[in-house]
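Every number here is computed from the coordinates shown, using simple stated rules; none is lab data. Note that this is a predicted model, so its numbers are computed, not measured. Heads up, the Cβs are rebuilt from the backbone with ideal geometry, glycines too, and the neighbour counts pull from every protein chain shown.
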Amino acid sequence: MVPFDPAPAATSTPADRAYLLERIDEAAVVQLYADGFQHLPLREKTLLWHLSRAAIAGRDIFYDQRYAHNLLLRDVLEEIVKHAAAVDAAARAEILRYTKLFWINTGPYNNLTARKFVLQCTPGAFAAAARAAQAAGAAFPLRGGETLDGLLARLSPMLFDPSFESTVTCKTPPDGEDILTASANNLHVGVTMQDLRGFDERFPLNSRLVKKDRRLVEEVYRVGGKYGAQIEEIVRHLDAAIPFATAAMADALRALITFYRTGDTKDREAYDVAWVRDKASPVDTINGFVEVYLDARSTKGAWEALVFYVNPEKTSEIRALADHAQWFEDRMPWDPKYRKAGVHGITANAIDIVIETGDSGPMTPVGINLPNDQAVRERYGSKSVSLTNVNEAYDRSTLPEFRVEFAWSAEEVERATKWSAFASELTTNMHEVIGHGSGKVSEHLNGRPQAALKEQFSAIEEARADLVALYFLPDRKLVDIGLVTEEDHDTIVRTEYETYARNALVQLRRVREGTQIEEDHMRNRQLIVGWLLANTTAIDVRKRDGKTYYVMTDQRAFRDGVGRLLAEVQRIKGEGDYQAAKALVETYGVHFDAALRDEIVARVDRLKLPSYSAFVMPELDAVTDERGDITDVTISYPLDLTTQMLEYSEATRHLRVRNAT
Ligand SMILES: [Zn+2]
């Protein structure tokens with residue numbers, strides 16, 4: 001997957017509608033538009049509506065996975081927000097700020113740094129706000145006999161103490177702790193890495209692992225199991241969607257429902273295969289336990305849903321890459337034994353998102369390649385999507401000052417202004433289609449390099465995909481297959497390499513505390529630039545007026561270095577070489593100079609530039625006739641994060657009551 005990094009932004013053309021809605025600290029809130037929706041046939045609109053209900057139905061699963069106290073905290077915060085008129089103005093402003101960041105990050109941990117953020121008013125001011133809200137009708141989730149003060153005391157360490165359960169996912173734990181005990185997420189309870197030795201995990205992706213009476217228990221995510229009420233509701237909406245789907249998509253939806261019912265790995269594999277086989281449907285969804293970034297072991301899937309339709313005009317570029325995937329595979333700069341023969345089944349689409357929830361919303365990736373199961377990928381292929389309307393919204397909401405501040409020369413700014421959006425979309429597509437889609441691993445890994453590489457897997461895999469894109473970007477093949485023109489090719493390569501080098505500096509703004517990078521995509525980007533700085537002459541570190549710049553000076557050296565590093569990264573994945581992965585990631589991808597970060601943060605803050613963006617989704621409404629049949633589905637744009645978040649929470653409240661066991 002590729003999450004967006006706003007550094008490589010393009011020119012904002014003046015828009016007659018609102019993209020950037022508000023700023024909360026370092027976060028930007030942006031409205032997402034799906035312009036093609038209204039022109040779709042009713043059948044597809046109806047399908048999208050049912051799928052979007054399934055997306056909302058599972059949202060609370062991810063809240064609970066991310067932090068065991070998340071839903072309780074959200075209930076309390078939302079009750080105060082709903083009765084905010086009764087609250088003192090200063091406390092109200094702070095509680096709103098915190099609650100919006102809480103929604104954006106799905107809980108009190110920053111999505112990029114994994115670190116906890118806290119309320120910045122006093123516990124007394126917060127308690128006064130809660131009492132005022134209660135007097136105005138707020139209903140707080142009190143446990144039998146508990147008072148409001150009792151509840152607030154219970155929540156106090158979660159809301160106010162940054163050192164209490166400080167990190168949601170910790171891949172480099174402090175001494176005396178391991179990656180599981182140091183991580184505050186709810187995927188493992190009371191479990192250490194030591195406990196897992198010799199344990200036969202039957203539901204690696206879709207269970208919570210709990211230590212009970214010194215035994216490990218897998219609480220399986222399925223109908224009748226953990227999150228049973230939410231999953232049943234998801235299944236109900238998926239089932240209602242089937243009559244409106246194409247035959248191939250209906251097969252995939254049925255397979256997904258079977259997997260949600262049994263939770264069995266073989267049914268998940270069958271679903272992955274059915275989903276990959278559906279190559280031509282105009283509407284598609286991803287709904288389930290998919291990405292493993294939240295888990296320090298890179299094993300447990302975080303729940304997410306994406307609902308989308310194909311954007312035909314934008315699809316031709318990404319298709320050209322998929323059609324020539326074997327050509328690229330045959331020329332990968334790694335040991336030929338890791339090259340896949342007979343690459344098949346790569347489907348690639350540019351899509352417009354209708355809704356994203358869970359692990360994919362309100363913060364969203366810009367590109368996705370699935371399934372993650374290496375064995376399915378090698379045998380059946382994969383599907384890649386490029387999120388066109390997300391890219392557009394980023395582009396329209398980003399400020400041009402970024403480039404001016406961090407580029408060394410006026411020419412670099414000019415190139416970035418003209419080409420960076422184009423170059424970044426192209427490399428995102430390459431990252432997904434020929435990056436994640438490429439290569440094979442040694443037999444002894446049984447198709448599961450994750451198990452061998454553990455907490456290093458995700459950063460290594462993201463680095464591999466980025467390196468493939470950077471390596472082939474200058475290749476003449478891109479001209480031959482019509483992705484770039486011959487005359488612009490060199491400038492596009494230069495722009496992307498410059499942007500990539502700059503980004504290793506600019507991204508430090510996102511890690512305001514500590515001196516460690518936790519997020520895997522950020523690690524991978526830091527790793528690549530750090531390695532190039534140490535091992536090639538491609539990038540110059542320069543200073544001017546007390547400001548630091550990373551200046552890409554030699555395209556050829558950049559590409560040669562990328563090729564060498566890629567060969568090693570593929571070897572690491574192909575052999576599951578954990579020691580080499582750990583050494584590479586920790587040497588180049590994790591640590592940074594705090595003084596340099598402070599400089600970058602100061603430069604960014606002076607310009608008031610956001611560090612990350614969250615999206616308000618379009619809203620679909622079904623129009624029904626007297627028999628309850630859907631006669632139309634309308635799309636509208638709420639233009640307000642608070643409204644949408646409160647609505648989503650309300651829509652699933654009844655499921656949580658049923659689940660409260
Ligand atoms: Zn990726």
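Once every DSSP H run of n ≥ 4 in the chain is given -39500 (n - 2.57) and the sum is divided by its residues, what mean residue ellipticity at 222 nm do you get, rounded to the nearest 500 deg cm²/dmol?
-14500 deg cm²/dmol
Take residue 197 and residue 401, extend 7 Å from each Cα along the Cα→Cβ direction, and tell me the distance between the two endpoints in nm.
Between residue 197 and residue 401, the simple spin-label model gives 5.4 nm.
The range 589-643: which trypsin sites (Lys or Arg not before Pro) are DSSP loop and have at most 10 other beta-carbon atoms within 10 angstrom?
When the trypsin sites (Lys or Arg not before Pro) of the range 589-643 are filtered for loop state and at most 10 Cβ neighbours within 10 Å, 608, 627 remain.
Pulled fully out, how much extra length does the chain show between residue 261 and residue 39, if you take 0.36 nm times their separation in residues and subtract their Cα-Cα distance?
Extending this stretch completely gives an extra 76.4 nm.
Each label point is 7 Å from the Cα along the Cα-to-Cβ direction; what then is the distance between the points at residue 542 and residue 85, in nm?
Simple spin-label model gives 5.8 nm for this pair.
Less than 15 Å Cβ to Cβ from residue 51, Lys/Arg counted +1 and Asp/Glu -1: what total charge do the surrounding residues give?
-4
I need the phi-derived Karplus couplings for the range 370-384: 6.51 cos²θ - 1.76 cosθ + 1.60, θ = phi - 60°, integer Hz, Gly and Pro marked x.
Once rounded to whole Hz, the list reads 9, x, 7, 5, 4, 5, 5, 4, 5, 8, 10, x, 8, 10, 10.
Sticking with the crude label model, points 7 Å out along Cα→Cβ, report the distance from residue 626 to residue 148 in nm, one decimal please.
The answer from the label model is 4.8 nm.
Report, by chain and number, residues whose modeled amide H sits under 5 Å from the one on residue 614, excluding near sequence neighbours (fewer than 5 apart, same chain).
Residues meeting the amide H criterion: 28, 29, 30.
To check you understand DSSP bridge types, tell me what percent of the beta bridges within the chain (both residues inside) are antiparallel, rounded to 5.
Approximately 80 percent, going by the DSSP bridge assignments.
Could you tell me the calculated FRET efficiency between residue 323 and residue 242, based on Cβ-Cβ distance and R0 = 45 angstrom, to the nearest 0.05?
0.90
Given 0.36 nm per residue, what is the gain on full extension from residue 639 to residue 161 after removing their alpha carbon distance, in nm?
Length gained between residue 639 and residue 161: 168.8 nm.
Would you mind classifying the chain by shape? Square roots of the alpha carbon gyration tensor eigenvalues, ordered a ≥ b ≥ c; an a/c under 1.5 is rounded, otherwise it is prolate if a/b is larger than b/c and oblate if not.
Rounded is the answer for the chain, as its axis ratio a/c remains below 1.5.
FRET efficiency for residue 653 and residue 594, Cβ-Cβ distance as r, R0 = 45 Å, nearest 0.05?
Approximately 0.55, to the nearest 0.05.
Report the calculated FRET efficiency for residue 605 and residue 344 (r = Cβ-Cβ distance, R0 = 56 Å), to the nearest 0.05.
0.65
Which residues make up the longest stretch of the chain that has no chymotrypsin sites (Phe, Trp or Tyr not before Pro) in a DSSP loop with at most 14 other Cβ atoms within 10 Å?
Longest stretch, sites excluded: 200-661.
Along the range 321-335, what does the Karplus equation 6.51 cos²θ - 1.76 cosθ + 1.60 (θ = phi - 60°) give for ³J(HN,Hα), rounded to whole Hz, x for Gly and Pro?
5, 4, 5, 10, 4, 5, 4, 5, 4, 5, 10, 4, x, 10, 3
Once you sort the root eigenvalues of the Cα gyration tensor of the range 223-262 as a ≥ b ≥ c, which label holds: rounded (a/c under 1.5), prolate (a/b larger than b/c) or oblate (the other case)?
oblate
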